[in-house]
Amino acid sequence: MNAPPVLLGDDEMKRFIRDGYIELHPEFPCGFHAEICSKLDSLFSEWGNPYNNVLPCLPELADVFSHPVVDGALCSILGHDYYLHLHRHVHDWHPGSDAQSLHKDSLCNSRNAVDEN
């Protein structure tokens, strides 16, 4: 069973509203992030961009989203019934690359996908 979410406190919510972001510090085993980076590099070099399949291809990323600190922040900001959007395309932009042009992602695979709202 997953640990309950660690919700943001009043001061953290005020800081999020004021600054538009909040810094989180979930604890993971030593080397966790380096292992994800290594697996992502391997994925790109062997198969190319996984596009919307990054979570199935790299299931360790789900550990980040389900961490009580991350889940709690998302619950605090979005509500306990939030869900991850189906569009999870990996945008592989390297340092020095031009900025991505302004665009709208498709709604055809997301509207009504979970709760018909």
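Annotations for the structure displayed:
- Rounded to the nearest 20 debye, the dipole size of the chain about its Cα centre is 280 debye, using +1 on the Cβ of Lys and Arg and -1 on the Cβ of Asp and Glu.
- Counted residue by residue at 0.36 nm each, then reduced by the alpha carbon distance between them, the extension gain from H25 to D105 reaches 25.8 nm.
- Working note: Debye formula, equal point scatterers on the alpha-carbon atoms of the range 20-101, no solvent; log10 I(q)/I(0) at q = 0.14, 0.18, 0.21, 0.23 Å⁻¹ is -0.62, -1.00, -1.22, -1.28.
- The range 1-109: GluC sites (Glu not before Pro) in DSSP coil with no more than 15 other Cβ atoms inside 10 Å: E23, E27
- The range 77-97 and the range 18-72: distance between their alpha carbon centers, rounded to Å: 11
- Estimated from helical segments only, the mean residue ellipticity of the chain at 222 nm is -12000 deg cm²/dmol, where each DSSP H run of four or more residues counts as -39500 (n - 2.57).
- Surface share of carbon and sulfur [accessible, 1.4 angstrom probe, percent] for the range 1-77: 58
- Within the chain, the longest run free of exposed loop sites, counting chymotrypsin sites (Phe, Trp or Tyr not before Pro) that sit outside DSSP helix and strand states (H, G, I, E, B) and have at most 15 other Cβ atoms within 10 Å, spans 22-81.
- Note that the chain presents 77 Å² accessible area per residue, ligands and nucleic acids not counted, probe 1.4 Å.
The values are calculated or read from the model by the stated rules, or taken from the named source; none is laboratory data. A quick note: this is a predicted structure, and the numbers were derived from the prediction, not measured. Positions of Cβ are backbone-derived with ideal geometry, glycine not excepted, and every protein chain shown enters the neighbour counts. Areas reflect the complete protein model, heavy atoms only, side chains present, ligands, DNA and RNA absent. Shrake-Rupley method; radii C 1.70, N 1.55, O 1.52, S 1.80 Å.
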